Amino acid sequence: TNGIRHGRSTCFHFRLTCGGSLIDFALRNNGLDPDGFRYGFGLTALRNQVEFVHGTLALQAAADEGAELRIRLQVPESGQGT
(Lines give C-alpha, C1' and ligand atoms only; values in the text may rest on other atoms or scores of the structure.)
Protein backbone atom coordinates (compact mmCIF):
# COMPACT_ATOMS: atom_id res chain seq x y z
CA THR A 1 0.00 0.00 0.00
CA ASN A 2 2.92 2.39 0.57
CA GLY A 3 3.94 2.11 -3.08
CA ILE A 4 0.42 2.94 -4.23
CA ARG A 5 -0.46 5.57 -1.63
CA HIS A 6 2.83 7.45 -1.34
CA GLY A 7 4.74 6.48 -4.48
CA ARG A 8 1.83 6.47 -6.95
CA SER A 9 2.97 3.09 -8.28
CA THR A 10 0.96 1.19 -10.88
CA CYS A 11 3.16 -1.89 -11.32
CA PHE A 12 5.06 -4.13 -8.89
CA HIS A 13 7.65 -6.89 -9.33
CA PHE A 14 8.22 -9.34 -6.47
CA ARG A 15 11.16 -11.72 -6.12
CA LEU A 16 11.87 -14.16 -3.31
CA THR A 17 15.04 -16.23 -3.40
CA CYS A 18 16.69 -18.58 -0.96
CA GLY A 19 20.28 -19.61 -1.35
CA GLY A 20 22.40 -21.27 1.26
CA SER A 21 21.54 -19.57 4.52
CA LEU A 22 20.09 -16.37 3.03
CA ILE A 23 16.51 -15.40 2.18
CA ASP A 24 16.28 -12.37 -0.10
CA PHE A 25 12.93 -10.57 -0.51
CA ALA A 26 12.74 -7.80 -3.12
CA LEU A 27 9.68 -5.72 -4.03
CA ARG A 28 10.20 -3.18 -6.81
CA ASN A 29 7.70 -0.66 -8.14
CA ASN A 30 7.49 2.00 -10.84
CA GLY A 31 6.55 4.80 -8.47
CA LEU A 32 8.31 7.90 -7.28
CA ASP A 33 11.98 7.81 -6.36
CA PRO A 34 12.23 7.32 -2.57
CA ASP A 35 14.89 10.07 -2.22
CA GLY A 36 14.09 12.02 0.94
CA PHE A 37 11.59 9.33 1.95
CA ARG A 38 10.49 9.13 5.58
CA TYR A 39 9.78 5.87 7.36
CA GLY A 40 6.19 6.01 8.61
CA PHE A 41 4.51 3.70 11.11
CA GLY A 42 4.20 0.68 8.81
CA LEU A 43 7.74 0.63 7.44
CA THR A 44 9.21 1.43 10.86
CA ALA A 45 7.32 -1.52 12.39
CA LEU A 46 8.47 -3.77 9.53
CA ARG A 47 12.08 -2.64 9.91
CA ASN A 48 11.94 -3.29 13.67
CA GLN A 49 10.64 -6.83 13.11
CA VAL A 50 13.33 -7.54 10.49
CA GLU A 51 16.06 -6.21 12.79
CA PHE A 52 14.63 -8.25 15.68
CA VAL A 53 15.52 -11.42 13.75
CA HIS A 54 18.93 -9.93 12.78
CA GLY A 55 17.95 -9.15 9.19
CA THR A 56 18.33 -6.01 7.12
CA LEU A 57 15.78 -3.81 5.39
CA ALA A 58 16.65 -1.24 2.74
CA LEU A 59 14.53 1.13 0.68
CA GLN A 60 16.30 2.60 -2.33
CA ALA A 61 15.82 3.91 -5.84
CA ALA A 62 15.36 1.12 -8.38
CA ALA A 63 17.59 0.90 -11.47
CA ASP A 64 14.67 1.48 -13.86
CA GLU A 65 13.10 4.29 -11.78
CA GLY A 66 10.77 3.75 -8.89
CA ALA A 67 11.67 2.17 -5.59
CA GLU A 68 12.83 -1.16 -4.24
CA LEU A 69 12.18 -2.58 -0.79
CA ARG A 70 14.69 -5.28 0.04
CA ILE A 71 14.74 -7.55 3.07
CA ARG A 72 17.53 -10.03 3.77
CA LEU A 73 17.29 -12.68 6.46
CA GLN A 74 19.80 -15.27 7.62
CA VAL A 75 18.32 -18.73 8.06
CA PRO A 76 19.53 -20.30 11.30
CA GLU A 77 21.55 -23.47 10.90
CA SER A 78 19.77 -26.68 11.79
CA GLY A 79 19.65 -27.21 15.53
CA GLN A 80 19.94 -23.51 16.42
CA GLY A 81 17.02 -21.59 17.85
CA THR A 82 16.10 -17.99 17.07
Revision key, fill the gap. Contour minus Cα-Cα span, residue 61 to residue 23, at 0.36 nm per residue, comes to 11.6 nm
Revision key, fill the gap. Scan of the chain for chymotrypsin sites (Phe, Trp or Tyr not before Pro) in DSSP loops with at most 16 other beta-carbon atoms within 10 Å gives a longest site-free stretch of 40-82
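Per the 1.4 Å probe, what fraction of the accessible area of the chain, in percent, lies on carbon and sulfur atoms?
54 percent
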Revision key, fill the gap. Nearest 10, in degrees from 0 to 90: the angle of helix 41-52 to the longest Cα principal axis of the chain is 20 degrees
Practice item. Keeping all protein chains in position, work out how much accessible area residue 59 exposes to a 1.4 Å probe, and write it in Å² to the nearest 10. Key: 50 Å²
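The values are calculated or read from the model by the stated rules, or taken from the named source; none is laboratory data. Keep in mind the model is a prediction, meaning the values are calculated, not measured. Note that we place each Cβ from the backbone using ideal geometry, even for glycine, and neighbour counts take in every protein chain shown. The protein model used for the area step is the full one, side chains on, heavy atoms only, and it has no ligands, DNA or RNA in it. Shrake-Rupley method; radii C 1.70, N 1.55, O 1.52, S 1.80 Å.
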